Amino acid sequence: MSDATDVVREALRAALSAWAVAEVRGDQARVLPVPDLDTLAEHLSAADAAWGLTWACDAAAPPLVRARLSLGGAVREGLSGGHSLEDAKKLALADAFRYFGVSSTLEAPWVEYDPDDGPNVSELGGLNELPTSQPRRDSPRPLPPQVPLDPQLSRARAHIDTLMEQLREAGKGGEATRLLLRGYGETVDESRAIYKELQALQRR
């Protein structure tokens, strides 16, 4: 394994420090290790200053999300559902991590769940010593049929993608990606607000 690959995997392991809800049954939730979006940029920038991340929502109910991660000269795509859209986004990113050879081999635990407070993961311990799997060598899984989005929302996301490309060409890809860590927005207004933030970054 090359030194560069080691650096990438160490960064991914460090980022894999939170939990997301895969499913809920009554007052119990099944949780899985996922990246902490609040510290993701810090960890990945240390491995590759030109890293990139984009999201695509294939379905809103139930949530189904794709995460496309560019890191260390490689591009990997993850796909996952989740209890909420936010859970699905984090789980999709964790799925992309697995294609880089970083994942938890722990069986997904069931924990107490409260609709207001979320899952109780206080007794699960830290995620700093997760074992690393080998990179997948199987063929990419076919993606399920995409659920049509609202035409206005689709256009808004297309405009964001175009602006993202322009920002990458201008050397501002890292800053732009940080603005998209929470996704493209779930409504047209949210997407427009994100687009305006990217425009402001472009004018700096």
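Summary table
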| quantity | calculated |
| --- | --- |
| From Arg30, Arg9, residue being more than 28 Å from Asp161 (Cα to Cα), outside the structural domain of Glu169 (by TED's automatic domain parsing) and over 10 Å from the mean Cα position of the chain (by Cα) | Arg30 |
| Verdict on His43 being outside the structural domain of Ala176 (by TED's automatic domain parsing), over 21 Å from Ser191 (Cβ atoms) and free of Cβ contacts under 8 Å to residues at least 40 places away in the same chain | yes |
| Scope region 1-56; condition within 15 Å of Leu69 (Cα to Cα) and part of a strand (DSSP E or B); matching residues | Val34, Gly52, Leu53, Thr54, Trp55, Ala56 |
| Qualifying residue in region 98-107 (condition: in a loop (DSSP other than H, G, I, E, B), at negative phi, charged (D, E, K, R) and not assigned by TED's automatic domain parsing to the domain that holds Ile160) | yes |
| Region 82-100 residues that are more than 12 Å from Asp36 (Cα to Cα), paired with ones that are part of a helix (DSSP H, G or I) and basic (Lys, Arg) (beta carbon under 7 Å, 6 or more apart) | Phe100/Arg9 |
| Pair list, Cβ < 6 Å and 6+ apart or interchain, from region 16-35 residues that are touching a residue at least 12 places away in the same chain (Cβ under 8 Å) to residues that are surrounded by fewer than 21 Cβ atoms within 10 Å (Cβ to Cβ) and acidic (Asp, Glu) | Ser17/Asp36; Ala18/Asp36; Arg30/Glu23 |
| Leading residue by the ranking (modelled with the lowest pLDDT) among those in region 130-169 that are among the aliphatic types (A, V, I, L, M) and loosely packed, with under 13 Cβ neighbours inside 10 Å | Leu143 |
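The values are calculated or read from the model by the stated rules, or taken from the named source; none is laboratory data. Just so we're clear, the structure is a prediction, and the values are computed from it rather than from any experiment. FYI the Cβ positions are ideal-geometry reconstructions off the backbone, even for glycines, and counts take in every protein chain you see.
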